[in-house]
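Below: one structure, written as structure tokens.
Each value in this text was obtained by applying a stated rule to the coordinates, not by laboratory testing. Worth saying up front: this structure is predicted, and the values here are computed from it rather than measured. Using ideal geometry, Cβ is built from the backbone for each residue, glycine included, and neighbour counts are taken over all protein chains shown.
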Ligand SMILES: Cc1cc2nc3c(=O)[nH]c(=O)nc-3n(C[C@H](O)[C@H](O)[C@H](O)COP(=O)(O)OP(=O)(O)OC[C@H]3O[C@@H](n4cnc5c(N)ncnc54)[C@H](O)[C@@H]3O)c2cc1C
């Protein structure tokens, strides 16, 4: 039986483990955290990632709930810029990260061994396999160890690494009875979005321009967004302050080339961390995992399969990293004239798409 080590048990790593297991691989998952799990926030899962999860037998990632109220983009006053219904766009499933992680790990069978509290610090490879920490060995290593990947640093010593976007992000979950379709509100150098999770709670996220490392908390968010349109004040008031997450936003702005070095393949944020503006980072990791297992199942050598994975996933994710950074740049603008032009262009674009759809 072919053997693989997956380094990192984030959404990318656990999906890769399930995908490889289904293709008959014996998988060891190494995770430095003492327990498997995910942070307390929501996540958007777009149809392409839902399709991969369904193919892997992951149940419970239901289709997006039908909205009774409009969703889309607003100004802080509440005035609509674009309504999603006009665009006819498919909406993602919104789910709690921990719930998604559990649904995936529920598929772990006897083909998967998990070692938590295990930090990978070293890796060497030869023609027959890869050795981790002079301790474990497998034919294939999947590096799913996130944006600060140790494996990427070891294999690409010249690569410059994550780049700061110029803004930080806050996330929280509120259990409040609101009747609103949600969406995003774009202000001046700051944005706030919210959506209903499939468990009924409200997940919100917000961004603000600031230097890396400045920090911030629930009080900072209330100060910055507390006077925005309804129901934002109620959502913030209904959020447990101690559960608010704050993360400075980085991405791998310079594309990593290639995603494969010998018998080691990079996946998810380790390969192509993107800003969260499109809500596609974890979805891309899920799609990477599906693609990797599919290529490994094709006839041919390991090298051929990994090269096919690289050809398949690198162009698509490189585009997403760039698009996501661009959306962030537009969303974080502070100049009032540029904001007026931006919002006007969005509104005009929305009307054009809507007209075309009606025709
Ligand atoms: C504010 C914000 C909002 C987001 N919203 C969305 C969204 O709505 N939709 C979406 O698709 N994406 C979203 N993303 C992106 C998404 O969170 C990431 O793309 C995704 O979590 C990456 O998964 P991963 O498995 O590649 O890496 P990670 O989740 O970072 O997992 C890496 C794992 O590796 C472990 N690890 C690291 N180093 C080692 C080591 N040396 N040894 C052993 N274990 C190690 C870590 O402990 C961790 O468990 C968002 C990101 C942010 C910051």
Quick note on 222, 283, ordering by fewest other C-beta atoms within 10 Å, gives 222, 283
Kirkwood Rh for the range 122-197 from C-alpha pairs, in Å, is 17.1 Å
Compactness check, the range 197-242: C-alpha Rg relative to the 2.2 N^0.38 Å globular estimate gives 1.25
Here the range 262-308 gives, from Cα atoms, an Rg and Dmax in Å of 12.1, 38
Long-range share for the range 1-97, i.e. C-alpha pairs more than 15 Å apart as a percent of all pairs, stands at 71 percent
Gyration tensor (Cα only) of the range 156-241 to equivalent ellipsoid, semi-axes in Å sorted down, yields 27, 15, 12
Ranked output for segments 138-150, 17-29 by mean other Cβ atoms within 10 Å, highest leading, reads 138-150, 17-29
Taking only the Cα positions of the range 166-210, the convex hull volume per residue in Å³ is 72 Å³
For the range 88-244, the Cα-Cα pair-distance distribution in 5 Å bins from 0, as whole percents, is 1, 7, 13, 14, 13, 13, 12, 11, 9, 5, 2, 1, 0
Note on the chain: contact order normalised by length, alpha-carbon pairs under 8 Å, 6 or more apart, percent, works out to 22 percent
Convex hull around the C-alpha positions of the range 78-124: the volume in Å³ per residue is 255 Å³
Cα-based Rg then Dmax for the range 161-298, in Å, read 17.8, 56
The Cα extents of the chain along the principal axes, largest first and rounded to whole Å, are 62, 43, 36
For the range 67-154, the percent of all C-alpha pairs falling in each 5 Å bin, from 0 up to the bin holding the max distance, is 3, 9, 12, 13, 12, 10, 8, 7, 8, 8, 6, 3, 0
For the range 217-353, one quarter of the surface area of the C-alpha convex hull, expressed in nm², comes to 12.0 nm²
Expressed as a whole-number percentage, the relative contact order of the range 104-250 with C-alpha contacts under 8 angstrom and at least six residues apart is 22 percent
In deg cm²/dmol, rounded to the nearest 500, the helical mean residue ellipticity at 222 nm of the chain, built from -39500 (n - 2.57) for every DSSP H run of length 4 or more, is -11000 deg cm²/dmol
Mean separation of Cα contacts under 8 Å (at least 6 apart) over the residue count of the range 136-202, i.e. the relative contact order in percent, is 21 percent
Projected onto their principal axes, the Cα atoms of the range 101-142 stretch, largest extent first, over whole-Å spans of 35, 22, 14
Expressed in angstrom and rounded, the centroid-to-centroid distance over alpha carbons for the range 149-209 and the range 294-359 is 17 Å
In degrees rounded to 10, the 0-90 angle between helix 302-331 Cα long axis and the longest Cα principal axis of the chain is 20 degrees
